[in-house]
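Notes to accompany the following structure.
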Protein chains: 2
Amino acid sequence: MTEARARRRGRGGGGAARRAERNAVSFETAKYIERNIPNLEILNDEAIEIIEYNAETVLEEIGVNFVENPAALARWKEAGADVDGERVRIPRGLARELCKTAPSQFTQHARNPERSVVIGGNNLVLAPVYGPPFVRDIDGGRRYATMADFEKFVKLGYMSKWLHHSGGTVCEPTDVPVNKRHLDMLMAHMELSDKPFMGSVTAPERAQDTVDMCGILFGKDFVQQNTVTTSLININSPMQFDDVMMGALEVFAENNQAAIISPFIVGGAMAPVSVTGTLTQVLAEVMAGVAYSQLIRKGAPVIAGTFVSSIDMNSGAPTFGTPEAAKITYGCGQLFRRLGLPYRSAGSFNGSKLPDAQAAYETANSLNAGLLAGVNFMLHSCGWLEGGLVSSFEKFVMDADQLGVLHGIASGVAHDKNAQAMDAIREVGPGGHYLGCAHTQANFQSAFWRSDVLDYKPFETWEEEGGKDTYQLAAEKVQKMLSDYQKPSMDAGIHEALTSYVAEKKASMPDAFS
Amino acid sequence: MTEARARRRGRGGGGAARRAERNAVSFETAKYIERNIPNLEILNDEAIEIIEYNAETVLEEIGVNFVENPAALARWKEAGADVDGERVRIPRGLARELCKTAPSQFTQHARNPERSVVIGGNNLVLAPVYGPPFVRDIDGGRRYATMADFEKFVKLGYMSKWLHHSGGTVCEPTDVPVNKRHLDMLMAHMELSDKPFMGSVTAPERAQDTVDMCGILFGKDFVQQNTVTTSLININSPMQFDDVMMGALEVFAENNQAAIISPFIVGGAMAPVSVTGTLTQVLAEVMAGVAYSQLIRKGAPVIAGTFVSSIDMNSGAPTFGTPEAAKITYGCGQLFRRLGLPYRSAGSFNGSKLPDAQAAYETANSLNAGLLAGVNFMLHSCGWLEGGLVSSFEKFVMDADQLGVLHGIASGVAHDKNAQAMDAIREVGPGGHYLGCAHTQANFQSAFWRSDVLDYKPFETWEEEGGKDTYQLAAEKVQKMLSDYQKPSMDAGIHEALTSYVAEKKASMPDAFS
């Protein structure tokens, strides 16, 4: 739509109009990616058979722990599992069978219906960084994140064309008490953006606040009949499901709200050092977690997740963008598709302290793998720095720009008459030049993806303008986006009701900082 | 082998030995990549059929120009083409038929037989940047390249574990006369490295010098019976074959030496703006060029190449790491495999002026696409900067390090008993930790790829050590590699013969600088 609008504007005015066009504020959001390319499948049939068999062996013989959660143990016992203390051993085939009631795709509604997303199938929904306690920007360096930082990230996400989802804890607002910050975070996503968002998982009552606030925003009935939030439920690998995360899952599943059920793995620490060993454990954990969600409510929407990094055996640091992570990302795609579940993995992962070349290599490695592995929901798709300790403003816009590359690749190759361009080849002929030909003129505006951050200038111009690197260019882009930001409109009554809910909830609790 | 050696050393000594191990000079070169993963195929059957049909239409109806090359025109006429002036129209099917005598894979011998490479099949051979007139380093900035720079790049290539090939014009040594610099460049590759290398293509007589110097290095008979050099023959797209490049091709093909036959395309300028249109033209050009190589000598080894970038319609600059380039890279892989030819594409392409995040994103996008597209020979796999105007020392080692990621992904997923790691999963159990378990101890040294350039340190250590970005870390690595460099040994007689050849040739010509 922006392009059409831009073209209309462009007609009358020549150079000045084109400049205005380039400077126009865009609130356009691309539709979630619908892949028109195949997935890369690196596991052969034998490997899949072995991994699936071994995962069932893990569940049957070793089992998983559901910690401090008697209700979960009772549910498992009733479903036919062997429960011994907190250990749940699941007979071969049972977990896979239970997973079958989970939908293979579902719609997460946004308050702006144009921005609702369909998660699963051939789709890829992109969401920003989640969880860092620190932020970094080019001027202020690295510091603890605040609610003001949080709001800036939500605004940047709203303004980012290739980002479909507002995410959740885009950084931890450490200046707000731990037991109240989820309210401010939810309010920010609801008010400052109209893209879909994530809920709170740090306590069952905070999950309930999420559901209640969504009830105000979307209407209570709508929430019971539709999915309006997707939340991140981590498994405490290896093979442990803690009561806080499961408590949140229970609230969301009971209310038909979506959960990503995701082992959190630093390979060599929380899983074996081998790819196949890790895939086996991840599959077992995901099957147990998804099966449990279906014990809570058959048909509850879930996403089979994996978060993988390797470990650097010299420093003990997690490492990112590695070949092992890529292979696990590809492998999980195959295994989870065979479960018929939407898949979450990959992101702007990197271990760098700065948004430099290391950050970009590692990020691009993961983004490319995520696209080609068939990921359906990519959390952390922009803004992640320093192994997830830091949300970076500059890297947020750098990565968000690169997400356009994923859209372009995923669109596949058109081969209609216009795409064949035989008339252009005939018109130009040997030794000719395509710039002026009719086909180029008719198609150039949509033919090539164009970065909105990176430098395409001639060397001399670039040098005259200060010889800026990507970090500096991105810092300028951040400022421009924040100054251009305009809040999406919201019904005044809903806004007041949400504000009151947050105020009342906050007043009802003492502050807690840990 | 280095790892085994390192382990032997490690046994006796504890910490000091491990430090020594980490600091040991390595001249190890990894074997060329033998893919154990599938290729990504993004064109469906209908698209392939259309592109192949249209490419034949281009050859038959529009034709290609062989410029100032009567011998070529005569060869084409004899082969059954319709020759009209310099225009050669090739009947449908003829070019594809002629391509069939080109080998689907061939060995390029190195003077160190352990470093010979097999080009084609599932293999991927990695070679460095080719052609830039400028160099850049962190201290000296951007400047015209000299022979001293050239030699440094050859040394870095020799020392780079993941680089299989020494390349060709790693930068243009502008301080040596144009008509003599190929002699110094060849001498540098032959003397300072023992990896395979490329020949000169800037004039037929310089191609002949390549063949003659190879005769000294490998023995004349060996050269006639084996391929000892691979050279880059660009097509002057659209559809034009100039006499200089074709003259060099003729010399190499006659002498059984390999040539990459490669359209050089900035999309929208030298080819249509659409992916399918570009694929059509590239296929037509490659078929014509490869067919011509087989008219010179049936069975001459060739590589079907493509170099693609998009154009930025605002600045006219070529752009890299774009979705369109990725799709052309994938598509060409499918089309060229159907011709039964080895495939050259992708590389460390980027448009950035500095080895920053832009450079790394764009490079990683291209490297990943090249790996998964089934590229067999990747020229420019490290060191490229600023759209090919600059060879960067720091980026050379940064990229060369990332090539290790490609090796790791390509190795695929083992699923033997050790890889399954079921004993580890049993040993550790729910809530446990894998770091100390027997499987981890037995496998950790080879389990994870580890960067040799990037930063994996804890934040505090990194900050204490000066908070260096990748550019600075790479600059230190460049210095270390150059100071550790040791020349591979060479037979004194051969060295003297090569030196004499170069001296005599140089003495026989006046200096030319353009």
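The values are calculated or read from the model by the stated rules, or taken from the named source; none is laboratory data. No experiment lies behind these values; they were computed from the predicted model shown. All Cβ positions, even for glycine, are placed from backbone atoms using ideal geometry, and neighbour counts span all protein chains on display. Note: accessible area is taken over every heavy atom of the protein model, side chains too, but ligands, DNA and RNA are not part of it. Shrake-Rupley method; radii C 1.70, N 1.55, O 1.52, S 1.80 Å.
Accessible surface of A:I328 in the full protein assembly, 1.4 angstrom probe, to the nearest 10 Å²?
In the full protein context, A:I328 sits at about 10 Å².
Determine by what factor the alpha-carbon radius of gyration of the stretch B:393-514 differs from 2.2 N^0.38 Å, reporting the quotient. Please report the intermediate quantities before stating the final value.
Numbers: Rg = 24.4 Å, N = 122, 2.2 N^0.38 = 13.7 Å.
Dividing the Cα radius of gyration by 2.2 N^0.38 Å gives 1.79.
Cα centroid distance between the stretch B:458-497 and the stretch A:276-344, in Å?
38
Which Cα, out of B:V135, B:V428, B:V88, lies furthest along the positive dipole direction of the protein assembly as shown (beta carbon charges, K/R +1, D/E -1)?
Of B:V135, B:V428, B:V88, it is B:V88.
If you place +1 on the Cβ of every Lys and Arg and -1 on the Cβ of every Asp and Glu, how big does the dipole about the Cα centre of the stretch B:86-210 come out, in debye to the nearest 20?
Values: 17 positive and 14 negative charges, 117 e Å.
Using Cβ point charges on Lys, Arg, Asp and Glu, the stretch B:86-210 gives about 560 debye.
How long are the semi-axes of the ellipsoid equivalent to the stretch A:361-442, from square roots of 5 times the Cα gyration tensor eigenvalues, in whole Å, largest first?
On the way: eigenvalues 295, 46, 19 Å².
Equivalent ellipsoid of the stretch A:361-442: 38, 15, 10 Å, largest first.
When we measure straight from the Cα of A:K77, which lysines land under 18 angstrom away, once same-chain ones fewer than 8 places off are left out?
A:K298
What is the dipole size for the stretch A:204-245, taken about its Cα centre, with +1 at each Lys and Arg Cβ and -1 at each Asp and Glu Cβ, in debye to the nearest 20? Show your work: numbers first, answer last.
Numbers: 2 positive and 6 negative charges, 30 e Å.
Roughly 140 debye, rounded to the nearest 20.
Between B:L379, B:A346, B:M287, whose Cα lies farthest towards the positive end of the dipole of the stretch B:267-382 when Lys and Arg beta carbons carry +1 and Asp and Glu beta carbons carry -1, centred on the Cα centre?
B:M287
Measuring nothing but label to label, 7 Å from Cα along Cα→Cβ, what are B:E78's distances to the other copies in nm, shortest first?
Nearest to farthest, the other copies are at 8.8 nm.
Please give the net charge around B:A438, taking every other residue with its beta carbon less than 10 angstrom from that of B:A438, where Lys and Arg add +1 and Asp and Glu add -1.
On the way: positive: none; negative: B:D423, B:E427.
That sum, taken over residues with Cβ under 10 Å, equals -2.
Measuring from the lowest to the highest alpha carbon on each principal axis, how far does the stretch A:448-514 reach, largest first, in angstroms?
Computed over the Cα atoms, the extents are 61, 34, 21 Å.
Using the Cα centre of the stretch B:174-264 as the reference point, and only Cβ charges (+1 on K/R, -1 on D/E), how large is the resulting charge dipole? Debye, rounded to the nearest 20.
On the way: 5 positive and 12 negative charges, 32 e Å.
Result for the stretch B:174-264 is approximately 160 debye, rounded to the nearest 20.
Per residue of B:405-414, what is the mean number of Cβ atoms on other protein chains within 10 angstrom of that residue's Cβ? Mind dumping the intermediate values first?
Working: counts 9, 2, 1, 6, 11, 2, 3, 7, 14, 4.
Rounded to a whole number, the mean comes out at 6.
Using a label point 7 Å beyond Cα on the Cα-Cβ vector, give me the inter-copy distances for A:I494 in nanometres, one decimal, shortest first.
Taking the point 7 Å beyond Cα along Cα→Cβ, the inter-copy spacings are 7.6 nm.
Return the average number of partner chain Cβ atoms within 10 angstrom of each residue Cβ along peptide B:39-50.
Values: counts 1, 7, 3, 8, 4, 6, 0, 1, 6, 1, 1, 6.
Taking all residues of B:39-50 together, the mean is 4.
Leaving out ligands and nucleic acids, note down the accessible area per residue over the stretch B:325-415 with a 1.4 angstrom probe, in whole Å².
Details: 960 Å² over 91 residues.
Per-residue accessible area for the stretch B:325-415 comes out at 11 Å².
For the stretch A:193-325, list log₁₀ I(q)/I(0) at each q in 0.09, 0.19 Å⁻¹, using the Debye formula over Cα point scatterers of equal strength and ignoring solvent, two decimals each.
-0.30, -0.98
Counting only DSSP beta bridges with both residues in the protein assembly as shown, what percent are antiparallel, rounded to the nearest 5?
45
Share of chain B's accessible area from carbon and sulfur, percent, 1.4 Å? Write down the numbers at each step before the final one.
Values: 8640 of 17710 Å².
Result for chain B: 49 percent of the exposed heavy-atom area is carbon or sulfur.
Chains B and A: what accessible area do they bury, summed, in square angstrom to the nearest 100, with a 1.4 Å probe? Can you show the working numbers first?
Details: alone 22450 and 22470 Å², together 35430 Å².
Summed over both sides, the interface buries about 9500 Å².
Report, as an integer, the average count of C-beta atoms from other chains found within 10 Å of each Cβ along B:320-332.
Whole-number average of other-chain Cβ neighbours for B:320-332 is 4.
First select every other residue whose beta carbon is under 9 angstrom from the beta carbon of A:T363; then total the charges, Lys and Arg +1, Asp and Glu -1.
Details: positive: A:K395; negative: A:E362, A:D399.
Charge balance in the 9 Å sphere: -1.
I'm checking a number: the convex hull volume of the Cα atoms of the protein assembly as shown, normalised per residue, in Å³. What is it? Could the numbers behind the result be given before it?
Numbers: hull volume 171.9 nm³, N = 1028.
Taking only Cα atoms, the protein assembly as shown has a hull volume of 167 Å³ per residue.
Sort shortest first the distances from B:G431 to its counterpart in every other copy, using label points 7 Å along the Cα-to-beta-carbon line, and give them in nm.
Copy-to-copy label distances for B:G431: 8.1 nm.
I'd like the per residue volume of the convex hull spanned by the Cα atoms of the stretch B:34-87, given in cubic angstrom. Can you show the working numbers first?
Numbers: hull volume 8.1 nm³, N = 54.
In the stretch B:34-87, the Cα convex hull volume per residue is 149 Å³.
Taking 1 over the mean of 1/r across every pair of different Cα atoms in chain B, what Kirkwood radius in Å do you get?
Values: mean 1/r = 0.0416 Å⁻¹.
One over the average 1/r among Cα pairs gives 24.0 Å for chain B.
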